[in-house]
Amino acid sequence: MQSLKRRLVMGFTVFAMFFGAGNLIFPSFLAYQAGSDVIPAFTGFALSATLLPTIAIIAVTRMGSLEKLADRVHPVFSRILTIIVYLAIGPLLAIPRTASTSYEMVAIATNTDSGIAAFVYSALFFTLAALVALKPEKLSKRLGKITSPLLILLIIILFAGTLLNTDAVRGNGTGAYSSSPLSRGFTEGYQTMDAVAGLVFGSIIAMNVRKAGVEEEKVNRECIIAAFTGGFLLLAVYCALAVTGTFSHAFINNASNGAAVLAATADVIFPSTGKFLIAAIFVLACFNTCTGLLSSCGQYFATLVPSLSREKWISVFSLISLLTATAGLDTIVRISSPILEIIYPAAITLMILALLRHDSNYRFTWILPVFTSLVFSVLSMITGISFIWIVPVIAAAATGILIDRRKMVRSVH
């Protein structure tokens, strides 16, 4: 019974660390836009926003850290990729988005939208998140036992209200997903940044598992269980948000983003309290993710540049995130899209290789597909053609295996 309770808490912790701004706005907006193509679109989204983060945690747990995982390609590549990943999910993109997204909902609820109010809110938001992030070993207690269950409860209330509302009708969608809903949904899942975040959350999750008293030889297994539990919670909540987005055509026309979809839906279903409900959902979700990201980034850069303590790095990243957040949600999302389209194929390739190939002698098996994924991800971004990197990466991996096996045979003889 005690182990079941611990596993549930760790699963809620994983969910809380992942579930932030993008996890709220993208599944609901996807369903709003997809219309009759919502099932294949959501399937693609679920694969990249649920399955990939789960695999990421397992891969990092198996290899020890993101740097050790990327070291299989080359130490220089490892250092560059790791820094880019931490900055992307940290002070340049993901962390600022947590404040800017949640502020939009607070501004609607309080009717106090101004530059000064946004700055004051963001400053308070990052200060509180930094204070919680200073104790990474206590995240399971604070996120897994308190804020995460409360967040899920609020989302259930919104979901139930949508289903019970007799005026809710399924919309036809905008046609944005009509040509290739599965691939469009898959790449839309990139925007959650969770697969990339999963590559750095592994160490924090392991730390909390050890803090819970798990024996060292069982830590990896418990991390994997936590990853699957958190992934299941993510999928369940995504389904609820997608249903809400599908029915939201009854409440709003020409929505520009998922935040507007959820805000309009909540306001109609709960006329007097809806705007406060949605604001609370956004603040809790974004705060949870912000603390996890600050903690992970601070821990990594303290090992990279030991002259600054982990606490000081968290303060530095909080300040940079505060300045970046002033750009606004739409600007941050627009900037993040091309960066993520380049990073994600390499990250996915590393995850799959970590699950399939452990032997350090297989160097070309790692080098060729990873660099191929980077080249073709750039081409994919330029041409707008999704997934053109998959076949070349498979071919590069097969070539790498053949080269490595020949080398091993020659070394034996």
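The values are calculated or read from the model by the stated rules, or taken from the named source; none is laboratory data. Note that the structure is predicted; figures quoted are calculated from it, not measured. Positions of Cβ are backbone-derived with ideal geometry, glycine not excepted, and every protein chain shown enters the neighbour counts. In case anyone asks, the SASA skips ligands and DNA or RNA and just uses the protein heavy atoms, side chains included. Shrake-Rupley method; radii C 1.70, N 1.55, O 1.52, S 1.80 Å.
Assign one of three labels to segment 174-333, namely rounded, prolate or oblate, based on the Cα gyration tensor with a ≥ b ≥ c the square roots of its eigenvalues; rounded applies when a/c is under 1.5, prolate when it is not and a/b is larger than b/c, and oblate otherwise. Cα axes put segment 174-333 in the prolate bin. The residues neighbouring Ser386, those whose beta-carbon lies less than 14 Å from its own, together hold a net charge of -1 under the Lys/Arg +1, Asp/Glu -1 convention. Principal-axis analysis of the Cα atoms of the chain puts helix 274-304 at an angle of about 20° to the longest axis. What distance in nm separates the two pseudo spin-label positions at Lys68 and Ser183, each 7 Å out from Cα along the beta-carbon direction? In this crude spin-label approximation the distance works out to 3.7 nm.
For the peptides 290-298, 255-263, residues were scored by their other Cβ atoms within 10 Å and the scores averaged per peptide; the highest-first order is 290-298, 255-263.
Here Lys135 is the anchor, and the aspartates and glutamates within straight C-alpha reach of less than 20 Å, apart from those fewer than 8 places off in the same chain, are Glu311. Compactness ratio for the chain: Cα radius of gyration over 2.2 N^0.38 Å (N = residue count) comes to 0.98.
Spatial offset of segment 65-102 relative to segment 240-289 amounts to 30 Å, using the alpha carbon center of each. When its C-alpha radius of gyration is set against 2.2 N^0.38 Å (N residues), segment 291-413 gives a value of 1.42. Computed over protein heavy atoms with a 1.4 Å probe, the carbon and sulfur contribution to the accessible area of the chain reaches 66%.
Taking all protein chains into account, the per residue accessible area for the chain stands at 42 Å² (1.4 Å probe).
Figure legend: label point modelled 7 angstrom from the Cα of Leu47 along Cα→Cβ; residues of segment 185-201 with amide N under 12 Å from it are 185-189.
Of the cross-linked pairs Lys5/Lys218; Lys211/Lys312; Lys275/Lys312; Lys218/Lys312; Lys5/Lys68; Lys68/Lys218, those separated by over 25 Å at the C-alpha level are Lys275/Lys312; Lys218/Lys312; Lys5/Lys68.
If you take the square roots of the eigenvalues of the alpha-carbon gyration tensor of segment 1-72 and sort them as a ≥ b ≥ c, do you get rounded (a/c under 1.5), prolate (a/b over b/c) or oblate? Cα axes put segment 1-72 in the oblate bin.
For the chain, the longest principal axis of the alpha carbon atoms and the long axis of helix 75-88 meet at an angle near 0°. Suppose R0 equals 25 Å; then what is the FRET efficiency for Ala117 and Arg334 from their Cβ-Cβ distance, rounded to the nearest 0.05? In this case the efficiency is close to 0.60. To the nearest ten degrees, helix 148-164 and the longest principal axis of the Cα atoms of the chain are 50 degrees apart. The slack in the chain from Arg405 to Ser272, taken as 0.36 nm per residue of separation less the alpha-carbon distance, amounts to 41.1 nm.
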